[in-house]
1. Taking only Cα atoms, what is the 0 to 90° angle, nearest 10, from helix 190-200's long axis to the longest principal axis of the chain?
2. Hey, what did the stretch 30-113 get for relative contact order, percent, Cα under 8 Å, at least 6 apart?
3. Give me 5, 59 ranked fewest to most by other Cβ atoms within 10 Å of their Cβ, as a rough exposure proxy.
4. For the chain, what's the relative contact order in percent, using C-alpha pairs closer than 8 Å and at least 6 residues apart?
5. Suppose only helical runs count, i.e. DSSP H with n ≥ 4. What mean residue ellipticity at 222 nm does that imply for the chain under -39500 (n - 2.57) per run, divided by all residues and rounded to the nearest 500 deg cm²/dmol?
6. Over what distance in Å are the Cα centres of the stretch 1-79 and the stretch 124-170 separated?
7. Any idea what Rg and Dmax come out to for the chain if you just take the C-alpha atoms, in Å?
8. Which of 203, 114, 161 has the fewest other C-beta atoms within 10 Å, and how do the rest follow up to the most?
Ligand SMILES: Cc1cc2nc3c(=O)[nH]c(=O)nc-3n(C[C@H](O)[C@H](O)[C@H](O)COP(=O)(O)OP(=O)(O)OC[C@H]3O[C@@H](n4cnc5c(N)ncnc54)[C@H](O)[C@@H]3O)c2cc1C
Ligand code: FES
């Protein structure tokens, strides 16, 4: 059992939970994720570790309420418990001095990119952050992201805050200025990560994306998280979740994410 110590509503439909997980917190590095199960008959869902405190022995997860389990999660309060939290899972982000790194977070992806930007900044990189959301009400962690960035660019699709447009519009401006970008890291919706990768490819700038296929066991055994990268089959849970964006077959990922759409709708009708 893992006890919830803190809960925050960050923006519309996006919540933060800080949960006790002493052993996992001790081993966590940026880029890792956990698999949580709320109750015995509950589904196991993967969530990225958005922050961790080794002294307190806690993990912070930030999630968007998109379906049955994340909505159940959103109803929990401090003092409630998860049945189990398994992790840290996946390969951590490669942290070294690359030079100038653009860190892009779209929607709920603003949370997982934060610890990566912080660690890359600590490693001596210049961090240019771009964060974006559909509109102002879905935006969060602007100040937190600013605190680990040399520059921050904020945008909303509808122009209700920051620059009007997509994160790729901001990225385009930065790329055209030719500031000598060494690495781009993008986390967010698959369409966004695809658009970022298409944009950086002609410039030959290494681009890392964090993939979110459907995961079941998260141990490399069931194959549900398989993705095609550079023409080869990879399992995002053990080989990723970060991959070279220029090599990912995003269209296949988009269609595989829809596989259980009917079942996901059905559970809402049944309950
Ligand atoms: C490595 C990884 C890290 C992730 N980190 C975060 C995060 O930090 N914050 C966040 O909000 N979301 C994250 N996700 C996505 C999150 O796991 C799904 O939103 C969640 O499982 C949806 O479950 P649900 O029952 O609420 O919704 P459902 O109605 O069951 O599904 C809604 C959509 O979520 C996706 N999904 C459903 N089940 C799974 C599953 N078992 N594994 C992966 N995707 C699924 C599908 O695309 C589906 O169409 C991550 C996914 C992966 C693979
Ligand atoms: S989730 Fe089963 S192999 Fe990755």
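1. The angle comes out near 20 degrees.
2. For the stretch 30-113, the relative contact order is 38 percent.
3. 5, 59
4. Answer for the chain is 16 percent.
5. -7500 deg cm²/dmol
6. If you average the Cα positions of each part, the centres end up 24 Å apart.
7. Computed over the Cα atoms of the chain, radius of gyration and Dmax are 17.9, 54 Å.
8. Neighbour counts put them in this order, fewest first: 203, 161, 114.
Every number here is computed from the coordinates shown, using simple stated rules; none is lab data. None of the values given here were measured: they were computed from a predicted structure. So basically every Cβ, Gly included, is an ideal-geometry build from the backbone, and we count neighbours across all protein chains shown.
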